[in-house]
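Notes follow the structure.
Every number here is computed from the coordinates shown, using simple stated rules; none is lab data. Bear in mind the structure is a predicted one, so any value in this text is a computation, not a measurement. Every residue, glycine among them, receives a Cβ derived from its backbone with ideal geometry; neighbour counts consider all protein chains shown.
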Amino acid sequence: MKKTETKSTVLLQHHLKALRLPTIAAECEAIAARCATDNVDHLGFLLQLCERELLDRERRAADRRLKAAKFPTLKTLDDFDFAAQPSLNRVLVAELLRGEFVDRRESVILVGNPGTGKTHVATALAAQACRRGKKVRFYRVTELVTQLLEAREERLLLRLKGQLSRLDLLVLDELGYVPASKTGAELLFDVISTAYERTSVVITTNLPFEQWTEVLGSERLVGATLDRLTHRCHILEATGESYRLRDAKRRAGRAVRREPADSDDT
């Protein structure tokens with residue numbers, strides 16, 4: 001047995017493990033020594049332990065929610081270049097980042113050309129909601145429609161819809177890139193309709209509303225979908241140049257400048 005281990009510390013570690021208090025188990029001796037040096041009383045010592053355990057527990061829970069959300073890439077707004085997208089309402093984005101729209105079960109629609117940062121902003125908003133304790137799930141629209149069709153075929157649709165209904169925030173990315181079949185469009189509408197005033201929805205799309213028939217097929221379905229989405233909704237537009245296109249131009253420009261001047265062989 002190590003010098004620092006006594007019967008009391010061994011039993012304490014056992015009890016803390018049984019109580020599932022890993023942070024207290026890992027840090028109690030170090031905090032006890034510091035509190036003794038600082039002349040902190042027993043209640044102050046216990047308070048420090050509980051605060052450390054609570055903070056670590058909240059961090060682990062947030063990590064689990066972030067993992068369950070299945071973001072393709074985790075993003076924050078710290079690395080978003082608002083100067084490159086001046087059309088994007090930065091004040092509204094900052095307000096949405098507080099997450100109150102999720103509490104109010106409101107929707108957010110980000111409209112703009114490909115490569116303008118819509119998915120980045122949507123992911124950042126959703127990730128912050130995870131950190132605030134919300135259940136979030138990220139889907140590309142084509143991915144969700146495929147899962148809905150497969151679940152319907154396998155008679156598991158009610159289970160999938162039940163999982164979606166327990167979310168606080170549903171992110172539907174890239175609406176408009178691939179047209180849905182009639183059945184797929186109806187299933188997607190059913191998800192959005194069920195979420196209305198129960199679950200917040202964030203949608204990114206490259207299509208203006210009048211062109212949503214290209215995805216959902218009929219004006220009737222588009223009208224019913226937009227009626228629900230836009231009732232309590234924040235709309236963000238990104239009309240700037242594509243980040244990827246601008247980056248490609250910048251790299252091409254550097255490559256041209258690095259090329260040596262043509263030599264005269266004559």
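Points worth noting:
- Per-residue [θ]222 nm for the chain (sum of -39500 (n - 2.57) over DSSP H runs n ≥ 4, rounded to 500): -17500 deg cm²/dmol
- Extended-chain gain in nm, criterion 0.36 nm per residue less alpha-carbon gap, ARG159 and CYS233: 23.9 nm
- Mean Cα-pair separation over length for the chain, i.e. relative contact order, pairs under 8 Å, 6 or more apart, %: 23
- Acute angle (nearest 10 degrees) that the helix 42-69 long axis makes with the longest principal axis of the chain, alpha-carbon atoms: 30
- Principal-axis tilt of helix 118-131 within the chain, Cα atoms, nearest 10 degrees: 20
- Length, then width, then depth: along the principal axes, the Cα atoms of the range 77-247 run 48, 35, 28 Å.
- About the Cα centre, charge dipole magnitude for the chain (Lys/Arg +1, Asp/Glu -1 at Cβ), debye: 1000
- Helix 243-258 axis, angle to the chain major axis (alpha carbon atoms, nearest 10°): 80
- Options ILE235, GLN13, GLN48, ranked by Cα towards positive dipole end of the chain, top entry (Cβ charges): GLN13
- About the Cα centre, charge dipole magnitude for the range 7-67 (Lys/Arg +1, Asp/Glu -1 at Cβ), debye: 480
- R0 of 25 Å, Cβ-Cβ distance LYS70-ARG104: FRET efficiency to nearest 0.05: 0.55
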